[in-house]
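I have placed the structure first, in the form of structure tokens, so that the comments after it can refer back to it.
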Amino acid sequence: MAHIAVLQKETVLSLNLKKDSVVVDCTLGSGGHAALIVSALGKNGCFIGMDVDETALLANKKLETVTTTKVVLIRSNFAKIQEILQEQKVSSVDAILADLGWRMEQFDGTSGVPRGFSFKNDEPLHMTFGKPSEYSFTAYDIVNEWAEEDIANVLFAYGEEFKSRKIAKYIVEARKKAPIMTSGQLAEVITHAVCGTKKTPQRIHPATKSFQALRIAVNDEFDVLRTLLLSGFEALAPHGRMSIITFHSLEDRIVKETFKNFTRDRKGILVTKKPIGPSPEEVKMNPRSRSAKLRTIEKL
Ligand SMILES: C[S@@+](CC[C@H](N)C(=O)[O-])C[C@H]1O[C@@H](n2cnc3c(N)ncnc32)[C@H](O)[C@@H]1O
């Protein structure tokens with residue numbers, strides 16, 4: 001299924017773009033926001049798009065040719081924004097966007113690279129946004145090699161999963177028989193731990209929180225977000241803006257707290273006193289947008 005960019009108008013407005021702005025989109029994804037940003041820039045503008053996933057770069061190749069704006073696409077983790085800007089000889093930027101998490105094609109397997117993000121598909125269990133070899137460990141390593149207590153801690157800390165201990169116990173029992181190789185096998189073990197043999201319909205899939213937790217751990221999502229917020233803010237020109245879209249309360253809290261510290265230190269002002277969410281129409285059209293929150297800060 002094709003990814004639909006969330007909060008499109010709100011995001012572009014939040015960045016306060018001028019024709020000659022230098023903009024970094026840290027999460028190119030399927031290019032929905034990127035296309036809107038590039039169309040707001042003129043021939044003296046510059047757009048740097050990055051994504052840690054090669055398939056996102058391929059999906060956005062056409063951006064380089066459809067505009068007179070300078071467009072540079074780079075495969076990189078956004079935690080390296082400072083290095084990337086140095087390499088590109090960019091001393092300051094006017095706008096930075098990060099739209100966190102996964103894009104639909106990564107989740108449903110249609111990006112061409114199976115990752116095991118979804119409990120609905122039966123894919124190899126690595127859960128990395130980029131190449132698995134570039135990460136310290138994968139979801140396979142966590143579920144097949146980590147101690148029961150460490151698995152439980154990950155599920156609780158990053159998924160707020162209250163049944164974390166029971167799930168970890170079931171995972172360790174299951175792997176004694178054979179390694180848990182795929183997302184489908186893992187989803188089955190977790191469903192069994194949460195629901196037993198009952199077939200009561202659940203509002204959300206019983207593996208939702210555990211899958212989120214494993215993905216956050218594997219991609220070190222909270223630390224890379226903190227690094228982006230600090231280095232990105234550092235790279236902003238005076239009156240430059242940084243907009244971040246989050247999809248769950250744990251990452252939104254990191255953005256909220258970091259932005260609060262910038263304002264407390266009189267380095268920035270909040271453009272969004274409260275986070276901006278989707279309209280009921282957007283949620284109807286794109287249910288994934290329902291948990292999206294956009295926060296923007298402007299550098300003083
Ligand atoms: C929600 S999607 C972005 C969608 C995009 N705004 C659009 O309009 O299509 C998030 C993207 O961020 C990428 N991503 C996740 N973590 C990343 C990181 N640490 N560094 C760079 N890209 C990352 C994912 O690979 C994914 O393509």
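The values are calculated or read from the model by the stated rules, or taken from the named source; none is laboratory data. Everything numeric here is computed off the predicted structure, so don't read it as measured data. All Cβ positions, even for glycine, are placed from backbone atoms using ideal geometry, and neighbour counts span all protein chains on display. Accessible surface areas use protein heavy atoms only, side chains included; no ligands, DNA or RNA. Shrake-Rupley method; radii C 1.70, N 1.55, O 1.52, S 1.80 Å.
Some notes on this structure:
- Charged side chains reduced to their Cβ positions (Lys and Arg at +1, Asp and Glu at -1) give the chain a dipole of some 920 debye around its Cα centre.
- Accessible area expressed per residue, the chain, with surrounding protein chains retained (probe 1.4 Å, Å²): 49
- Net charge of neighbours whose Cβ lies under 14 Å from the Cβ of Lys273, counting Lys and Arg as +1 and Asp and Glu as -1: +4
- Taking segment 244-300 and dividing mean pair separation by its residue count, relative contact order in percent (alpha carbons under 8 Å, at least six apart): 48
- Charge tally around Glu54: other residues with Cβ under 9 Å, Lys/Arg +1 each, Asp/Glu -1 each, net 0.
- Taking Cβ atoms as reference points and 10 Å as the exclusive limit, the residues near Lys293 contribute a net charge of +1, counting Lys and Arg as +1 and Asp and Glu as -1.
- Rounded to 5, percent antiparallel among DSSP beta bridges of the chain: 35
- Its DSSP H runs of at least 4 residues, each contributing -39,500 (n - 2.57), put the calculated 222 nm mean residue ellipticity of the chain at -12500 deg cm²/dmol, to the nearest 500.
- The chain: C-alpha gyration tensor shape, a/c 1.5 cut-off, then a/b vs b/c: prolate
- 20 Å Cα-Cα threshold exceeded, pairs from Lys9/Lys274; Lys9/Lys62; Lys43/Lys80: Lys9/Lys62; Lys43/Lys80
- Shape call, segment 208-289: gyration tensor on alpha carbons, a/c limit 1.5: oblate
- Segment 1-105 shape via C-alpha gyration tensor axes, a/c threshold 1.5: rounded
- The charge dipole of segment 107-230, taken about the Cα centre with unit charges on the Cβ atoms of Lys, Arg (+1) and Asp, Glu (-1), comes to about 580 debye, rounded to the nearest 20.
- Carbon plus sulfur fraction of accessible area for segment 237-300, probe 1.4 Å, in percent: 56
- FRET efficiency, Asp220 to Lys43 (Cβ-Cβ, R0 35 Å, nearest 0.05): 0.35
- Selected from Ile245, Ser111, Ala174, residue furthest toward positive end of dipole (the chain; charges at beta carbon): Ile245
- Nonpolar atom fraction for segment 92-139, defined as the carbon and sulfur part of the 1.4 Å probe accessible area, stands at 54 percent.
- The relative contact order of the chain, computed from alpha carbon pairs under 8 Å that lie at least 6 residues apart in sequence, is 19 percent.
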